[in-house]
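Okay, structure first, notes after.
The values are calculated or read from the model by the stated rules, or taken from the named source; none is laboratory data. These figures come from a predicted structure and were not determined experimentally. In this analysis, Cβ positions are derived from the backbone assuming ideal geometry, glycine residues included, and neighbour counts consider all displayed protein chains. Side chains are part of the model used for accessible areas, which takes the heavy atoms of the whole protein and leaves out ligands, DNA and RNA. Shrake-Rupley method; radii C 1.70, N 1.55, O 1.52, S 1.80 Å.
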Amino acid sequence: MERFSDFANVTPQLEGDKVKIDNVLNKEIILTGYRIGKSKYGKDGDKYCRIQFKESEEDNFHVVFTGSLVLIDQLGQADGHFPFLATIKKQNKYYTLS
């Protein structure tokens, strides 16, 4: 008999202490995962992204939330490469990974 876990496509929860994105700007962090969801703010169809990270290998998990379409697009390009080092930077009015 099959188990649910054999065929289910369960997305793991991204847990951690919530941090404001401004607190991690221009710091190299270890991105460990992300999840995109439908935003309850803004227009219908707007998305948000929950990003899970650590500040060091020994650190606990943290999460930041953002509606940045640039970050959402960049994280989509990174599928299959987690975990990796990156820096979130603010360029004019948007956030970007470098």
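Some observations on this one:
- Full-stretch length increase - Asp22, Lys43 - with 0.36 nm per residue and alpha-carbon distance subtracted: 5.2 nm
- Within the accessible surface of the chain, defined with a 1.4 Å probe on protein heavy atoms only, the carbon and sulfur portion equals 47 percent.
- Here is the P(r) of the chain: all C-alpha pair distances, binned every 5 Å from 0, give 2, 12, 22, 24, 18, 10, 6, 3, 2, 1, 0, 0 in whole percents.
- Burial order of peptide ranges 20-28, 58-66 (average beta-carbon count within 10 Å, highest first): 58-66, 20-28
- In nm, spacing of pseudo-spin labels at Asp73 and Ile36 (7 Å Cα→C-beta vector): 1.1
- Straight-line cross-link partners of Lys38 among the aspartates and glutamates, defined as a Cα under 12 Å from its Cα and at least 8 positions apart when in the same chain: Asp46.
- Rel. contact order, % - alpha carbon contacts under 8 angstrom, at least six apart, segment 1-81: 29
- On the principal axes of its alpha carbon atoms, segment 16-61 extends 39, 18, 15 Å, with the longest extent given first.
- Average accessible area per residue (Å²) across the chain - probe 1.4 Å, nucleic acids and ligands excluded: 73
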